[in-house]
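Presented below is the structure to which this report refers.
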Amino acid sequence: MKKKGLFITFEGPDGSGKTTQMKILSDYLKNLGFDVVTTIEPGGTKIGRKIREILLDKENHDISPGAETLLFLASRAELVSEVIAPALKEGKIVLCDRFFDSTVVYQGIARGLGEKEILKMNLWATGGVVPDITFLLSVKVSKGKKRMYAADKKTDRIELEKDSFKEKIYRGYLDIAKKNKGRIVVIDGEGSIGNISEEIKNRVRAYLEKKR
Ligand code: ADP
Ligand code: TYD
């Protein structure tokens with residue numbers, strides 16, 4: 001596919017500030033006159049929302065890791081073909097709350113299904129669509145928990161996982177960031193909302209200027 005737009009994803013553990021930062025960046029880019037599409041994973045399409053319900057339902061605590069992975073991939077394949085690829089083709093900026101790095105880290109590393117295998121399956125599911133920039137909001141497990149508690153956020157099936165699982169996620173993200181230095185930008189997610197958003201805006205501005 002010929003890609004004209006810009007594809008930016010936000011990654012990090014639950015409560016790391018992805019939703020907050022995506023909204024700030026979206027408003028900023030829209031103010032500059034860019035055509036911006038925002039979306040989330042899992043979800044983002046009619047079918048994706050149905051899959052999301054299955055995935056986050058606490059009653060499905062016994063879902064097999066394989067089925068869990070394939071459902072995330074099914075939701076992603078739908079999102080790419082329905083929303084992301086068409087928008088990029090039209091030259092829009094697409095901002096996505098989580099993408100395939102989440103599956104590589106949560107299912108591949110933390111659930112132990114294999115980083116390389118999961119990445120390969122993802123590239124198949126997305127037809128090779130890879131983000132141009134990925135912001136990894138790095139927040140320690142204890143800090144993320146405090147934030148979720150303070151925000152009184154409803155916990156879903158995956159957020160109920162043990163701290164050892166969350167530690168694997170924290171370390172897994174930093175590990176894949178090291179292997180993808182050209183794409184994944186690690187941001188200290190424990191800084192202030194304003195400082196983080198300035199850093200993100202600067203990075204995106206620099207990228208757009210280079211591209212021009
Ligand atoms: P995520 O989408 O990664 O789960 P959210 O953006 O929903 O995270 O943020 C989770 C909670 O933490 C919200 O109450 C939000 O207001 C708060 N929050 C987000 N970023 C920061 C930050 N840098 N410092 C302090 N609190 C933050
Ligand atoms: P969500 O509410 O979207 O995350 P957040 O609270 O960070 O905004 O919940 C999605 C949950 O699913 C989250 O715990 C991460 C997990 N997840 C995976 O395990 N694999 C994946 O591929 C994706 C996209 C999410």
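The values are calculated or read from the model by the stated rules, or taken from the named source; none is laboratory data. The structure presented is a predicted model; accordingly, all values stated were derived computationally and were not measured. Cβ placement follows ideal geometry from the backbone for every residue including glycine, while neighbour counts extend to all protein chains displayed. Surface accessibility is based on the protein's heavy atoms, side chains included, excluding ligands, DNA and RNA. Shrake-Rupley method; radii C 1.70, N 1.55, O 1.52, S 1.80 Å.
General observations
- Single match in Thr126, Thr103 (criterion: modelled with pLDDT of 95 or more, among the β-branched types (Val, Ile, Thr) and under 16 Å from Lys179 (Cβ atoms)): Thr103
- Of all residues in segment 181-195, those satisfying the criterion of being within 16 Å of ligand 2 (Cβ to nearest atom) and either under 16 Å from the mean Cα position of the chain (by Cα) or closer than 15 Å to Val105 by Cβ (or both) are Ile184, Ile187, Gly189.
- Tabulated pairs, segment 42-64, first free of Cβ contacts under 8 Å to residues at least 12 places away in the same chain, second within 16 Å of ligand 1 (Cβ to nearest atom), C-beta under 7 angstrom, 6+ apart or interchain: Arg49/Gly43
- Filtering segment 39-60 to residues that are hydroxyl-bearing (Ser, Thr, Tyr) and within 13 Å of ligand 2 (Cβ to nearest atom) leaves only Thr39.
- Filter pass, Asp101 being under 20 Å from Thr45 (Cα atoms), buried (at least 22 other Cβ atoms within 10 Å of the Cβ) and charged (D, E, K, R): yes
- Whenever a residue of segment 127-156 is over 30 Å from Leu208 (Cα atoms), its partners that are hydroxyl-bearing (Ser, Thr, Tyr) and surrounded by 18 or more Cβ atoms within 10 Å (Cβ to Cβ), lying with C-beta atoms within less than 7 angstrom and at least six residues away or across chains, give the pairs Lys140/Tyr170; Val141/Tyr170; Gly144/Ser16.
- Breaking point among (1) in a loop (DSSP other than H, G, I, E, B); (2) over 30 Å from Glu82 (Cα atoms), for Glu159: (2)
- Any chance Val104 is under 12 Å from Gly172 (Cα atoms) and of a type in the set (A, V, I, L, M, F, W, C): yes
- Entry remark, segment 1-47: residues being open to solvent by 50 Å² or more (accessible area, probe 1.4 Å), within 16 Å of ligand 1 (Cβ to nearest atom) and under 20 Å from Pro86 (Cβ atoms) number 2 in total.
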